[in-house]
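Here the structure is laid out as structure tokens; the discussion comes afterwards.
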């Protein structure tokens, strides 16, 4: 679950109609179909020619590991929702839908800065423990086995995204939060409807009403009869002196249930595609299944679903020899940092046993992704089980691969496979 997912998914629609920058600018090329198919050569060019790049529109693009790592830990680069909305509005984008819906979500840890962020994260950490995540392993394995049983029953061709990668994180979130089995179909329907918050503002707000109402009832039930689930843990936290307010509790549940869905889906999708395109490394992983945990770290580095995250300058700051001024937007291209040869040896090579695992796919600093361990656990089980059960797994149609157009995310619409 990646911070600012809702905000960054909306940026492409919120930006002015003339695009992110002038034709021919390095930043403008990020939006071209050629770069969307394979952005990594273009990232390499930006690292060489303009690693701290200011577009004609006044937006900064950081592409080297050193500057991005520095920026992630610098509190002068803000993740605050209100600052972000003002900065986007200054570009002339239509932010009515974004503003109304982010107001509904409230001020949760994913869109606040310290000290509010530190307080909220500390409270959520009490419930979102390593023990609680690891306890989900057997359930994740059972879910993956069931999904692959359906794949096997249906025949030798399937779409990995539709059949496994998409339904898995939804099921895991429902289990983590203790959502009753009889309610899960409805909750999953709300997830899907919330996939594009700005497509229809009135419809989106109606869905948010229904979802929030359901969560409020669930919270009320857990107060009366707590269980061993994350909502119960958050309710217990709320009852202590240093506590979540009612609004923070509801917004935190909303964000945590929703946030990890797409990121986990496409970590599984992108990772499986990378292995199929590198048969020697796939064979190595089959021969040594104990490599799977290391392999998932490498798959996250090699082709991360969250290519970039957004920050806004809260106070003038020097980065990479450039002065970034208050109110300016900054894109941190995590995917480019992960391929920086000044940080990683032979970075364009996929190496499941790579010892250096300090990639930035889940961020760094105060906003390091809380749900990263859960996303990696799901990918570990899903990818490991997939390649074990289907030794003849292969890509069915390379020409059918289609990457979604938002350059901040790297997500396949479908991944057709056969076995």
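In terms of packing, defined here as the mean over residues of other Cβ atoms within 10 angstrom, the peptides 39-49, 294-304, 346-356 line up highest first as 294-304, 39-49, 346-356.
Taking the number of Cβ atoms within 10 Å of each Cβ as an exposure proxy, the fewest-first ranking of 29, 182, 67 is 182, 29, 67. When the P(r) is computed for the range 215-286, the part past 20 Å accounts for 50% of the Cα-Cα pairs. Among 190, 60, sorting on how many other beta-carbon atoms sit within 10 Å of each Cβ, with the fewest leading, yields 190, 60. In terms of other Cβ atoms within 10 Å, 82, 74 run from fewest to most in the order 82, 74.
Every read-out reported here was derived from the displayed coordinates using simple, explicitly stated rules and does not represent laboratory data. Since the model is a prediction, treat every value here as computed from it, not as a measurement. Quick reminder, even Gly has a Cβ in these numbers, built from the backbone with ideal geometry, and neighbours come from all protein chains shown.
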